[in-house]
Amino acid sequence: MTSVALAVTDGMLHFELALACEVFGSAPDAVRVPWYDLALCGPKAVRVGPFRMEPDRGLDRLPYADTVIVPGWADVDREPPAALVDAVRAAHEAGARVASLCTGAFVLAAAGLLDGKRATTHWAHTRTLATRHPRVLVDPDVLYVDDGSVLTSAGKAAAMDLCLHLVRLDHGSSVANTVARNLVVPPHRDGGQAQFVSTPVPAPDHHPLAELFPWVIERLDRPLTVEDLARQARMSSRNLGRHFRSVTGTTPLQWLLTQRIRHAQELLETTDAGVDAIAAATGMGTGTTLRRHFNRTVGVPPDAYRRTFRARTRPGPGPAPADSTTTGSPAAGTMAAWQQRATATRPTRS
């Protein structure tokens, strides 16, 4: 079981703390893998937002955790406590994966963990972070940054994206999608998406592409083109591209490729289908094409991804998850996840 320690002291933001507790505290009923051992680590009593909390353990337990998460730091103009900074640094030196949510990046920067690395935080504080810590390569335009053993997220809702990303790294896309469905949030938004857009984000079912997304998801095995999508949406290719950028932050073809890759990941995780069969089921055509795009997007070949995923995932006893499948066809639960993922949008600037 992977241990997760939430570092808490006076002056933390309660939203990000509660969010991390919700994700890592307990698994949905449909998840059949060993879940995280979550602990709140801090002084004897702390005030987090309007709440008073009693941590489970002291900050000295951080170096014993597999993953340490630092929630948002409320007052970025005030230096974080030295005890917190030292404990986070010690945890990283001991080999822990360290992640910050929102302005928790200021704690990681104070500990020197972000020196020479790309990092992000809430868009309203990126300039302050860059000015105060000039050795940090601050990226103000992304939802989160994964630098291996050190990860940082942008503000508020982007913290959820990073937490689900951690679940995806540990347990795969299928489990992460199940967790997201349980929390009623989009299962996947790429870390490289922008933190904000100039126009309001539409409600999931009230935008010009609402009917197009599920139509495409049900036809991922077909060689769809931009013209096919535009025809189905009853608009020109130019208008389609404009709406895609507004709703998803990317182009129609890039969005379609992302859906194919995510579908391939789920099939690699939940079936024994060969690469050629998965290539056909995801509309990639040939195993060679799938390997090229998969390697470029995920960073490893499909076969290596499957081996790595199965080596680190040890399902416990009991029935298979509701969204698992033993064939190349998506199960109903998985299809629901894809449909929800299709409407993942970028947050507004607020």
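The values are calculated or read from the model by the stated rules, or taken from the named source; none is laboratory data. These numbers come from a predicted model, not from an experiment. All Cβ positions, glycine included, derive from the backbone under ideal geometry; neighbour counts span all protein chains shown. We work out accessible area using only protein heavy atoms, side chains counted, and drop any ligands, DNA or RNA first. Shrake-Rupley method; radii C 1.70, N 1.55, O 1.52, S 1.80 Å.
Annotations for the structure displayed:
- Separation in nanometres of the label points that stand 7 Å from Cα toward Cβ, at Thr308 and Ala74: 4.0
- Computed accessible area, Val136, all protein chains, 1.4 angstrom probe, square angstrom: 10
- Probe 1.4 Å, all protein chains present, accessible-area order of Thr288, Thr258, largest first: Thr288, Thr258
- Percent accessible area from carbon and sulfur atoms, the range 16-55, protein chains only, probe 1.4 Å: 52
- Positive-end residue, the range 11-60 charge dipole about Cα centroid, Cβ charges, pick of Val23, Met53, Ala39: Met53
- Gyration tensor (alpha-carbon) shape descriptor, the range 99-157, a/c threshold 1.5: rounded
- The H on the amide N of Leu38, modeled in the peptide plane, is under 5 Å from the matching H of Val4, each at least 5 residues off or on a different chain.
- Per the Debye formula on identical point scatterers at the alpha carbon atoms of the range 41-80, with no solvent, log10 I(q)/I(0) at q = 0.19 Å⁻¹ is -0.68.
- Cα gyration tensor, the range 1-68 - rounded (a/c under 1.5), prolate or oblate: oblate
- Each peptide in 5-14, 293-302 receives the mean, over its residues, of other Cβ atoms within 10 Å, and ordering these scores from highest gives 5-14, 293-302.
- Cβ charges +1 (Lys, Arg) and -1 (Asp, Glu), total dipole of the range 1-152, debye: 180
- Per-peptide packing, taken as the mean over residues of other Cβ atoms within 10 Å, places 169-176, 23-30 in the sequence 169-176, 23-30 from highest down.
- Sequence of Ser100, Ser237 from largest to smallest accessible area, 1.4 Å probe: Ser237, Ser100
- Prolate is the label for the range 16-114. Its Cα gyration tensor axes, ordered a ≥ b ≥ c, give a/c of at least 1.5 and a/b above b/c.
- Solvent exposure of the range 22-63 as accessible area per residue, Å², 1.4 Å probe: 54
- Peptides 216-228, 121-133 ordered by packing proxy, namely the average of other Cβ atoms within 10 Å per residue, highest first: 121-133, 216-228.
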